[in-house]
1. So which residues in the range 163-188 are part of a helix (DSSP H, G or I) and aromatic (Phe, Trp, Tyr)?
2. From (1) buried (at least 22 other Cβ atoms within 10 Å of the Cβ); (2) in contact with a Lys or Arg (Cβ under 8 Å, 6 or more places away or on another chain), pick out the condition that doesn't hold for residue 205.
3. Identify the residue in the range 209-233 that is out of contact with any strand residue (DSSP E or B) (no Cβ under 9 Å at 6 or more places or on another chain) and among the acidic types (Asp, Glu) and, among all such residues, is surrounded by the most Cβ atoms within 10 Å (Cβ to Cβ).
4. Select, from 214, 233, 181, the only residue that is under 22 Å from residue 69 (Cβ atoms) and either at pLDDT 95 or above or acidic (Asp, Glu) (or both).
5. Taking only the range 189-213 into account, find how many residues are touching a helix residue (DSSP H, G or I) at 6+ places or on another chain (Cβ under 7 Å), under 26 Å from residue 312 (Cα atoms), not β-branched (Val, Ile, Thr) and not in a strand (DSSP E or B).
6. Consider residue 246 carefully, then state whether it is buried (at least 24 other Cβ atoms within 10 Å of the Cβ), closer than 23 Å to residue 340 by Cα and touching a residue at least 60 places away in the same chain (Cβ under 8 Å).
7. Identify all residues within the range 265-291 that are outside any strand (DSSP E or B) and closer than 16 Å to residue 249 by Cα; write none if there are none.
8. Name the residue that is modelled with the lowest pLDDT, counting only residues in the range 251-264 that are assigned to a helix (DSSP H, G or I) and hydrophobic (A, V, I, L, M, F, W, C).
Amino acid sequence: MHLLGITAAGRKQRDGACTPQHRRARALRAIVRSACAAVLATTLVALGGCSENGAVGKTVNPSGSQSQTSGPAYERPELALSPFDQAAAGGENGVSIDASNLAKGYVAVSATASTRLKFQISFEGSETQYYFDLPSDGTPISCPLVQGSGAYTFTVWENTTGQRYSELYSLADQPVTLADEFQPFIRPSVYCDYDASSKSTQLANDLSADAQNEGDVVRGIYDWIVENIAYDEDKAARLADATGYLPNPDSCIADGSGICFDYASLAAAMLRSQGIPCKIITGYVSPDNIYHAWNMVYIDGTWVDAHIDIKQNTWTRIDTTFAAGSGSSYVGDGIAYTDLYTY
């Protein structure tokens, strides 16, 4: 029998709540908020020209000034999803693992049990282990294969006592060759759940309806989140020591507020639904060593404003929580980011 011990500290790192270790004084919080607001009100930097066969578009920032984006003409691709295929799944002890879509960058799993379950993804040659809370009622989840092509092992663990778990089923040494590096980041997952009927997808469709290029899509979605989602400090305080939190993009829209993980999940859902590769990153922000969540996006054009510079064909960080100017004591001052987990 294989046993697994998961410490409280380990679980805390895998969750996405903004967990302050050193909260700043309210006066400093107000100063940082004002600074963020001032940055957002700064006139955006315009880009001249565009790539061959491309398009130039304009979007309006909160202050009413305009910026230009450039890149090839945008055409919304078919929505990429991550369904669970029961017919293709295999397993035992109430566990079903669907490994039929590994090339698309995800694995799906379901299980039934009377106790708490964990789903583990291990990558050959890496010390980083990914753990996900797995519903024990048979509800399937999909999890991204973020460590690239290579050999993966998938394991379902059942809680026995305290923080100890016993292995229920393992599918070892599964070879994965991704269709491309973006596959895990263009479709929904357990931390970024949506489909064609989701409010987040429909809103993103509306915001990108007149987009001339991918920069327009990113800018429109980014601005909407920054302008319409407020940071929920009460929620952050409630979840400061919690584990197992799952963000819900549609709930974030309905509530009009959220914590950093909600911001990052919503941004990822909206951007991915439009075919824009978007990572959810959790890690630490200096100088306060705050546990935080943000995004990385990849576009084929460029998007530049006063404090965001998205270069062509490269991953670029965007932090909608910090840009919204909210909850600064929970997100640090954005001086330095240290990536821990990618989803």
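1. Applying the first criterion (part of a helix (DSSP H, G or I)) to the range 163-188 yields 183-185.
Result: 185, single match.
2. Condition not satisfied by residue 205: (1).
3. Residue satisfying both the conditions and the ranking: 233.
4. Working: 233 fails: under 22 Å from residue 69 (Cβ atoms); 181 fails: under 22 Å from residue 69 (Cβ atoms).
It is 214.
5. Final tally of qualifying residues: 6.
6. Values: buried (at least 24 other Cβ atoms within 10 Å of the Cβ): no; closer than 23 Å to residue 340 by Cα: yes; touching a residue at least 60 places away in the same chain (Cβ under 8 Å): yes.
Criteria not met by residue 246.
7. Step one: of the range 265-291, the residues outside any strand (DSSP E or B) are 265-277, 287-289.
265, 266, 267, 268, 269, 270, 271, 272, 273, 274 - these are the residues of the range 265-291 that are outside any strand (DSSP E or B) and closer than 16 Å to residue 249 by Cα.
8. In the first step, residues of the range 251-264 are kept if they are assigned to a helix (DSSP H, G or I); the result is 251-255, 260-264.
Filter once more, keeping what is hydrophobic (A, V, I, L, M, F, W, C): 252-254, 260-261, 264.
Values: 252: 98, 253: 98, 254: 98, 260: 91, 261: 94, 264: 94.
Looking at the filtered set, the residue picked out is 260.
The values are calculated or read from the model by the stated rules, or taken from the named source; none is laboratory data. Computed from a prediction, not measured in an experiment: that's the story for all the values here. Cβ atoms come from the backbone with ideal geometry, glycine included; neighbour counts cover every protein chain shown.
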